[in-house]
Amino acid sequence: MPSYEALSELLRPASTVLLTVECQQGVVGPDAALPELAREARESGVLTRVAELVDAAHGSGIQVIHAVAERRPDGRGASRNARLFRAAERLPVQQLTGSAAVRVAPPIEVAEHDLVVRRLHGLSPIQGTDVDCLLRNLGCRTLVVAGVSANVAIPNTVFDAVNRGYTAVVPSDAIAGVPADYTPAMIRHTLALVATVATTDEVLACLRRTARNDGPGVRPG
């Protein structure tokens, strides 16, 4: 685990962005397409911890981006080149544009100044979306990644971030995957090699101290 000083240096409000990944009702809500994943995200406390991170980011002036996966009702433009995509087409809950399934799930609160980026294809919130350009325009150097799933989207996001020159910070207890014991193994053997891994409490301590001492950070215009 990083020292408090090292983590605080990474999490400077003016150059840090928090990215929530697929924390939408159709993925982690009570009537989600993948009930096992949704249950793990809720019962393990991951969804609550993501909400705490978002709240602390709002309080410290850190920009929040919510990455949402969706598809058009006609499926136009959607990916079909992997078994995961084809299986998703047959699920009883569809992540359809404009539906409740693609709304950010409670208890996460979306503030007026948050950005919501929606993608119609692929596995990553960064590759082929507006996220990279938004991060650069925001002056981002550190990307905090939280949400689901540890199986696919989270490692994909971290790899894409690192490949584009960002420093990735992963709150280890604010991501979920299935089965439950897969997540810590993936973090230890994969993400820890390329990202700074901390706990949610460690990240929150840095953000809350910043908010107390300095007030909200000022992001370059």
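Only the Cβ atoms of Lys and Arg (+1) and of Asp and Glu (-1) were treated as charged; on that basis the dipole of the stretch 57-184 about its Cα centre amounts to roughly 540 debye.
Amide hydrogen proximity for V116: with H placed 1.01 Å from N in the peptide plane, the residues at 5 or more positions away or on another chain lying under 5 Å are H66. The heavy atoms of I187 present about 10 square angstrom of accessible area, all protein chains included, probe 1.4 Å. A 1.4 Å probe run over the stretch 60-194, with the rest of the protein chains in place, finds 48 Å² accessible per residue.
Here the Karplus relation 6.51 cos²θ - 1.76 cosθ + 1.60, evaluated at θ = phi - 60°, turns the backbone of the stretch 113-118 into coupling constants of 8, 5, 10, 10, 10, 10 Hz, with x for every Gly and Pro. So, counting K/R as plus one and D/E as minus one, what does the shell of residues with Cβ under 13 Å around E5 add up to? Spelling it out: positives minus negatives among the neighbours equals 0.
Close amide H pairs (under 5 Å, H built 1.01 Å from N) link V197 with V170, residues at least 5 positions away or on another chain. Rounded, prolate or oblate: which fits the stretch 18-156, taking a ≥ b ≥ c as square roots of the Cα gyration tensor eigenvalues, rounded meaning a/c under 1.5, else prolate when a/b beats b/c? Judged from the Cα gyration tensor, the stretch 18-156 comes out oblate (a/c at least 1.5, b/c at or above a/b).
Gain on full extension, evaluated as 0.36 nm per residue between T97 and Y182 minus their Cα-Cα distance, stands at 27.5 nm.
With a Förster radius of 30 Å applied to the C-beta separation of E9 and T199, the computed FRET efficiency comes to 0.95. Carbon and sulfur together cover what percent of the accessible area of the stretch 1-86 at a 1.4 Å probe radius? In the stretch 1-86, the share of accessible area belonging to carbon and sulfur is 48 percent. Only protein atoms count toward the accessible area here, which uses a 1.4 Å probe; on the stretch 106-221, the carbon and sulfur part of that area reaches 52 percent. Take the stretch 1-53 with all the other protein chains still there, run a 1.4 Å probe, and you get 43 Å² of accessible area per residue. Put simply, the amide H of I175, placed in the peptide plane, has neighbours under 5 Å in G147, leaving out anything fewer than 5 places away on its chain. Backbone phi angles across the stretch 161-178, fed through the Karplus curve with coefficients 6.51, -1.76 and 1.60 (θ = phi - 60°), yield HN-Hα couplings of 5, 5, 4, 9, x, 7, 8, 9, 10, 10, x, 4, 9, 10, 10, 9, x, 10 Hz in residue order; Gly and Pro are listed as x.
The values are calculated or read from the model by the stated rules, or taken from the named source; none is laboratory data. Predicted model, so just to flag it, every value in this text is computed and none were measured. We place every Cβ from the backbone using ideal geometry, glycine too, and count neighbours over all the protein chains shown. For accessibility, only protein heavy atoms count, side chains too; no ligands or nucleic acids. Shrake-Rupley method; radii C 1.70, N 1.55, O 1.52, S 1.80 Å.
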